[in-house]
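**Q** Here it is, the structure, as C-alpha cells.
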Amino acid sequence: MAGAGGVDSFTARMRMRWHRVRTAVRKSGVDYFRGDGSDWIALAALLLTVPALAVTTIAAPVWCSPAALVLPIVAGGLLLRPASLLGLYAAAALALIIESWALGPYPDGPARVTPGTVLVVAACGFFGLVIAQFRSRVGVPWRRGGTMLFDLRERIRTHGKLPQLPAGWHREIALRPAGGQSFSGDFVVAARTNGGRTLEVVLTDVSGKGMDAGSRSLLLSGAFGGLLGSLPPHGFLPAANGYLLRQDWEEGFATSIHLVLDLDSGDYELLSAGHPPALQLNAGTGRWEEKAAEGPLLGVYDGAQFDAVKGSLRPGDVLMLFTDGLVETHDRDISEGIDRLTGEADRYVTSGFRGAAWHLIEAVAKDVNDDRALLLICRE
C-alpha cells in the first residue's frame, strides 16, 4: 500500500509540474504575441543574422552585397523596441567595419563597402528607429499595432451579430464600408428581450465614413449594446442622445433607427433619430410601404423627442432597414434611391429573401463611396 501510495504521489507531482510548465509556456506565448513579453527572441535571431550575412558577404561579395545588412535592420524596425534596436544597429555597424577591412578599399574593385552602402544602411536604420519610437510614444506594444486594428474590426463585427430567431422568422444583415476598408461608420446592435419574445434592433450611421468613423463606431456600438434591453424601448434613443451629447465631439452626430418587434404577434414599433425610413413589403399586395418615424439626429440637442410608428408583419411580409449610403448619393436624392432599391428587391419576392441583403447592396450601391448597411427581417 505504501508503495502504491508512493507511485500515486510521484505521478501526481509529475502531472502537476507538467501542468505548470505548459501553463507558463502558454502564457509566455500569448504575452509574446500580444506584445507584452520580452523581444529577446527576435533580437537574438536578428543578431545571429548579422554575422551570418557578414561572413557570406566576405566569402562571396558578388552574390551577397554589403547592403544586405539592411534586411535585419528593416526587420528590427518592425519587431524590436527602441532600446533593443540600438543594440542591433551597433552589431550592424561593427559588421560593416569588418566587411570593409576584409574586402579592402572600395576603389580597388567591385562589391566593396562604399560610402553609398553606409548611407543606405544608415538611412534604413534611422527610419526604423523613428517607427519604433513612434510606437513606443503612443503606447502601442511592439507587435501589437496590427493586431489592435484587427481586434477593433472583430469587435465591431461581433456587436453586429443578430440573435437567433424562432421558427418562422429569418434575419440577415450586410455591411459594406466605404472604399473597401474594414471599418465602417454603420453598425448594428441587437438583443432579444422580454424573455426572448421581443427582438430589439438598432441600426446606426455615425457621422463620417470608413476608418475615420471606425473608432466612434466602436465606442457607440459598445455603449448602445449596453443600453439596449436595459431601458424601456421608448427610453433608448433619449439615452443614446444624451450619451452622444456628453462626448462633446466636433463631428458628434449620428442617425439611428430602433426596431421593437414582438416575435409572437408580429407587431412592431419603429423609432427614428433622423434616419431614412424603413420599407415593408406587404405580401398580400406585393407593394412596398415606407415606415417613417419622426425624430431629430442624435447628438444635436438635449431633450429631443422621438415619436414611434407602428406596424405588423404578417406571414410573407418583409421589413427592410438601411442607411443613407444605400439610397442617397450626390447625384440622386433619397426618393430615387428608394425606388431603385425596391425595384431590385422585387426580384426576390417569388424566390425568397434568403441571401438577398448582400446582393441588394451589390445591385444598388456597389461603387458608392460611402458606408452601406442593409437589414432584412422576414416572417416566413
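**Q** I'd like the full set of residues that are farther than 21 Å from A373 by Cβ and either free of Cβ contacts under 8 Å to residues at least 60 places away in the same chain or of a type in the set (S, T, Y) (or both), limited to segment 306-330.
**A** Within segment 306-330, D307, K310, S312 meet the criteria.
**Q** Determine, yes or no, whether A363 is open to solvent by less than 10 Å² (accessible area, probe 1.4 Å) and either of a type in the set (G, A, S) or touching a residue at least 12 places away in the same chain (Cβ under 8 Å) (or both).
**A** Taking the combined requirement at face value, the residue does not satisfy it.
This table checks each residue for (1) closer than 22 Å to F127 by Cβ; (2) among the polar types (S, T, N, Q).
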| position | (1), (2) |
| --- | --- |
| S65 | yes, yes |
| A68 | yes, no |
| P72 | yes, no |
| A75 | yes, no |
| L80 | yes, no |
| A91 | yes, no |
| A95 | yes, no |
| A102 | no, no |
| R112 | no, no |
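**Q** Could I ask something else about it? Going through G128, G77, G116 one at a time, which residue ends up being in contact with a Cys (Cβ under 8 Å, 6 or more places away or on another chain), open to solvent by less than 60 Å² (accessible area, probe 1.4 Å) and over 13 Å from L53 (Cβ atoms)?
**A** Going through G128, G77, G116 in turn, just one is in contact with a Cys (Cβ under 8 Å, 6 or more places away or on another chain), open to solvent by less than 60 Å² (accessible area, probe 1.4 Å) and over 13 Å from L53 (Cβ atoms): G77.
**Q** If you take the residues of segment 319-331 that are touching a helix residue (DSSP H, G or I) at 6+ places or on another chain (Cβ under 8 Å) and part of a strand (DSSP E or B), which of them is most open to solvent (accessible area, probe 1.4 Å)?
**A** Step by step, filter segment 319-331, then rank; the result is T329.
**Q** Which count do you get for residues in segment 278-315 that are assigned to a strand (DSSP E or B) and of a type in the set (S, T, Y)?
**A** The total comes to 1.
**Q** Then there's this: Restricted to segment 332-353, and to residues that are open to solvent by 50 Å² or more (accessible area, probe 1.4 Å) and among the acidic types (D, E), which residue is farthest from L263 (Cα to Cα)?
**A** Looking at residues that are open to solvent by 50 Å² or more (accessible area, probe 1.4 Å) and among the acidic types (D, E), I get D333.
**Q** Looking at (1) open to solvent by less than 30 Å² (accessible area, probe 1.4 Å); (2) among the basic types (K, R); (3) touching a residue at least 40 places away in the same chain (Cβ under 8 Å), can you tell me which one K291 breaks?
**A** Unmet for K291, out of (1) open to solvent by less than 30 Å² (accessible area, probe 1.4 Å); (2) among the basic types (K, R); (3) touching a residue at least 40 places away in the same chain (Cβ under 8 Å): (3).
**Q** Continuing with the same structure: When the residues of segment 85-113 are narrowed to those that are open to solvent by less than 20 Å² (accessible area, probe 1.4 Å) and under 15 Å from W40 (Cα atoms), which ends up modelled with the lowest pLDDT?
**A** Across segment 85-113, the extreme among qualifying residues is L85.
**Q** Looking only at segment 50-64, count how many residues are over 10 Å from L88 (Cα atoms) and surrounded by 17 or more Cβ atoms within 10 Å (Cβ to Cβ).
**A** So the answer is 5.
The values are calculated or read from the model by the stated rules, or taken from the named source; none is laboratory data. Quick caveat, the model's predicted, so the values are computed rather than measured. Neighbour counts run over all protein chains shown; Cβ positions are idealised from the backbone, glycine included. Please note that ligands, DNA and RNA were not included when accessible areas were found on the heavy atoms of the full protein model with its side chains. Shrake-Rupley method; radii C 1.70, N 1.55, O 1.52, S 1.80 Å.
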